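Enquirer: Supplied in structure tokens, the structure appears directly below.
The values are calculated or read from the model by the stated rules, or taken from the named source; none is laboratory data. Just so it is clear, the structure is predicted and the values come from calculations on it, not from any experiment. All Cβ positions, glycine included, derive from the backbone under ideal geometry; neighbour counts span all protein chains shown.
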Amino acid sequence: MFHKKRHPKAMGKNEIEAFLNYLTSKKSVSASTQSTALNALAFLYKQVLEVDMPALDNFRKARRYKPLPVVMSVNEVQRVFSNMRGTTRLMAELIYGTGMRIGECITLRVKDIDFDARAVNIRAPKGNIDRSSILPASLINELRSHLIKLAQLHKDDLLMGDGFAPMPNALYKKYPSASKSFAWQYVFPSSLKRPWQDTQNKARWHTSESTLRKAFKRAVSAAEIHKHVGPHTLRHSFASHLLASGTDIRTIQTLLGHRNIETTMIYTHISPDHKNVNSPLDKMRGS
């Protein structure tokens, strides 16, 4: 359409470059949109038209925008927690206290909480590399009480002939009884039981992300915080607050599960070291 419906075979380097450069200069699309267009054209020429994609010497690649993550202050986190109750508050506190992602929190299993070692073992996270994070001492009693209630729920499920928990990688075939054990139950289970498609047994899945997101949104509103924040902001705040307290950046990288230290380094830009710098406006006003 950009080239007046000319056939792609009749066009080459100049036309491709003109279109891709137009996307960023005139339409101001994101770098990912331009990259998608480039990949689509490469597929078209190589796989459909069966001709070599020409070298693009004058292609102006869009610069990727790297926004700083939004973080909350310690005071703001406390205000949000004070407006939350029950299980969703425990989930939010666990995310802030460990640096877990939301998905890692809701899929946490009973066996992955190690009270003696004060550790939370996070299985198959983003990047598919297991890691361990700290278990906040202030949450131990609450978590123990929560697990006692969960154990009773699991016992009731077993008495009804259910009590299954979905297991990854078809492990239930290798360990048939494991899926009914308390160790494999989700720490934050769903209120409903659903048929497990592989076995047709009724299993209790984990709670949904939306449950936490809705409760968190209400708490943020009640706390009158006007930043664009969500439960994932607690992970960013965990990293930022650790860094501000003097924790080594490599340790934070390990706790967050970042493969690349550069990903973790972004938190060094959130709270720049300017506490001892006075604004020229303050000097002008004699503050």
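Enquirer: Is at least one residue of region 127-134 surrounded by 12 or more Cβ atoms within 10 Å (Cβ to Cβ) and of a type in the set (Lys, Arg)?
Expert: yes
Enquirer: Out of region 58-88, which residues are over 20 Å from the mean Cα position of the chain (by Cα), within 30 Å of Ala18 (Cα to Cα) and of a type in the set (Ser, Thr, Tyr)?
Expert: Selection gives nothing.
Enquirer: Right, something else. Arg85 fails exactly one of the following numbered conditions: (1) within 30 Å of Leu143 (Cβ to Cβ); (2) surrounded by 12 or more Cβ atoms within 10 Å (Cβ to Cβ). What is the number of that condition?
Expert: Going through (1) within 30 Å of Leu143 (Cβ to Cβ); (2) surrounded by 12 or more Cβ atoms within 10 Å (Cβ to Cβ) one by one, Arg85 breaks only (2).
Enquirer: A follow-up question, please. With (1) assigned to a helix (DSSP H, G or I); (2) more than 30 Å from Glu142 (Cα to Cα) as the list, and Lys61 as the residue in question, which single condition is left unmet?
Expert: Result: Lys61 fails condition (1) only.
Enquirer: If you scan region 108-149, which residues turn out to be part of a loop (DSSP other than H, G, I, E, B), closer than 24 Å to Ser179 by Cβ and in contact with an Asp or Glu (Cβ under 9 Å, 6 or more places away or on another chain)?
Expert: Of everything in region 108-149, those that are part of a loop (DSSP other than H, G, I, E, B), closer than 24 Å to Ser179 by Cβ and in contact with an Asp or Glu (Cβ under 9 Å, 6 or more places away or on another chain) turn out to be Arg123, Ala124, Pro125.
Enquirer: Also, quick follow-up: Being at pLDDT 95 or above and either under 19 Å from the mean Cα position of the chain (by Cα) or at negative phi (or both) narrows it down to one residue among Ile95, Ile122, Ile129; which is it?
Expert: From the options Ile95, Ile122, Ile129, the qualifying one is Ile95.
Enquirer: Scan region 65-73 and give yes if some residue there is within 23 Å of Ile266 (Cα to Cα), surrounded by fewer than 19 Cβ atoms within 10 Å (Cβ to Cβ) and basic (Lys, Arg), otherwise no.
Expert: The answer is yes, given that some residue of region 65-73 is within 23 Å of Ile266 (Cα to Cα), surrounded by fewer than 19 Cβ atoms within 10 Å (Cβ to Cβ) and basic (Lys, Arg).
Enquirer: Still on this model: Looking at region 199-208, is at least one residue at pLDDT 90 or above and touching a helix residue (DSSP H, G or I) at 6+ places or on another chain (Cβ under 6 Å)?
Expert: Yes, that holds for at least one residue.
Enquirer: Restricting the search to region 152-166, which residues are among the hydrophobic types (A, V, I, L, M, F, W, C) and under 28 Å from the mean Cα position of the chain (by Cα)?
Expert: Across region 152-166, the qualifying residues are Phe164, Ala165.
Enquirer: Then there's this: Can you find even one residue in region 262-283 that is without any contact (Cβ under 8 Å) to a residue 40 or more places away in the chain, over 21 Å from the mean Cα position of the chain (by Cα), in a helix (DSSP H, G or I) and closer than 29 Å to Ser190 by Cα?
Expert: no
So that you can scan it fast, the table gives a plain yes or no per residue for (1) in contact (Cβ under 8 Å) with a residue 12 or more places away in the chain; (2) of a type in the set (Asp, Glu); (3) in the same structural domain as His236 (by TED's automatic domain parsing); (4) on the phi > 0 side of the Ramachandran plot:
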residue: Arg6; (1), (2), (3), (4): no, no, no, no
residue: Ala42; (1), (2), (3), (4): no, no, no, no
residue: Pro54; (1), (2), (3), (4): yes, no, no, no
residue: Met91; (1), (2), (3), (4): yes, no, yes, no
